[in-house]
1. For region 55-79, give me the residue count where each residue is farther than 19 Å from residue 4 by Cβ and at pLDDT below 90.
2. Can you tell me which residue is modelled with the lowest pLDDT among those in region 156-173 that are buried (at least 17 other Cβ atoms within 10 Å of the Cβ) and of a type in the set (Val, Ile, Thr)?
3. Given the criteria surrounded by fewer than 21 Cβ atoms within 10 Å (Cβ to Cβ) and assigned by TED's automatic domain parsing to the domain that holds residue 282, does residue 181 qualify?
4. Go through region 1-44 residue by residue and tally those that are in a loop (DSSP other than H, G, I, E, B), at pLDDT 90 or above and of a type in the set (A, V, I, L, M, F, W, C).
5. May I ask you to verify whether residue 210 is exposed (fewer than 13 other Cβ atoms within 10 Å of the Cβ) and of a type in the set (Val, Ile, Thr)?
6. Tell me which residues, restricted to region 125-141, are closer than 23 Å to residue 218 by Cβ and either surrounded by fewer than 16 Cβ atoms within 10 Å (Cβ to Cβ) or at pLDDT 90 or above (or both).
7. Would you list the strands (runs of 3 or more DSSP E) that sit entirely within region 79-188 and hold 1 or more residues that are touching a residue at least 40 places away in the same chain (Cβ under 8 Å) and farther than 30 Å from residue 204 by Cβ?
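The values are calculated or read from the model by the stated rules, or taken from the named source; none is laboratory data. Source: prediction; values computed, not measured. Cβ placement follows ideal geometry from the backbone for every residue including glycine, while neighbour counts extend to all protein chains displayed.
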Amino acid sequence: MNIQQLRYVVATAETGSMTAAAASLYVAQPALSRAVRQLERELEVTLFTRAGRGVALTPAGERFAGRARRVLRSIDALRDADATGDRGAPLVIAASPTLQASLALPILSALREQGVAVHTRMLGCGSTEEVHDLVASGRADLGICDQVIETALAVVPLGRAEVRLISPPGLDLPDRVTLAQLAGVPLVLPTVGTDRRAALDRFFAACGITPVVSIESDERSVWMEAVLRGLASCIWHSVEALRAPQHEIVVRGFEPPMFQELNAVHLAGNVSPAKVHLLDTLRRFAELVAG
């Protein structure tokens, strides 16, 4: 799901025609239709049905379009704040290198496509606790986390990402794997002594699994390179599509499916108007995804 698709849905709902919506947005009608159909496939829901020579929202489409309008209003408010120069100091985001690449940058890229350029400084963190500490101390405006811990900070849910097994081709595994089937699969994992490795070790122990550790690295780019070279598989979650060539990797979900909850944290009341609009945009978009 991307912000442009939301504009396509709202314009189509308001005009009652994909042709008219495309004309109002100055895009080709086939491109708009493809984007809407792709969104319907992703959501596994029908947003529009044919109505005479045009289209009409389904009940599910009505609910989606209402939420989409709220997202777009938040983005427009953020753009207005940005245009008036209400930026103040750079937005400082604390997050792990993984979440900087897989969540923070896609969000900033999507906003830039909508005409909002957010001057941002990234602070790398090794744990969720470090993210919270940086935000609580005022050294970061916003923290992005993939673990939920007890905190006095304000928490904005950002949805969830499915956890998947990324492997080289040729492994004798089903399309969806059970945790028991991980036994014997060479894995690339974080290094021993890190918080993330400790969390994974606890997870494996709770599942009764002794993982086969092929490579240890704290750099997520090394994980994918290990898969591409056929050395190991990795357990991966991301809100954006993998950029690796699909013929060189195999992506499997787990059975039952597993998800990683994502959230943003900030000091309540300690944000500029522009940052308030940014947080509201994140919150509205997360509500849309959850809905």
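1. The qualifying residues number 0.
2. Of everything passing the filter in region 156-173, 156 is modelled with the lowest pLDDT.
3. Answer is no for this residue.
4. Qualifying residue count, region 1-44: 2.
5. It is true that residue 210 is exposed (fewer than 13 other Cβ atoms within 10 Å of the Cβ) and of a type in the set (Val, Ile, Thr).
6. Of everything in region 125-141, those that are closer than 23 Å to residue 218 by Cβ and either surrounded by fewer than 16 Cβ atoms within 10 Å (Cβ to Cβ) or at pLDDT 90 or above (or both) turn out to be 126, 129, 130, 131, 132, 133, 134, 135, 139, 140.
7. Once the strands (runs of 3 or more DSSP E) in region 79-188 are filtered for at least 1 residues that are touching a residue at least 40 places away in the same chain (Cβ under 8 Å) and farther than 30 Å from residue 204 by Cβ, what remains is 91-95, 142-145, 154-167.
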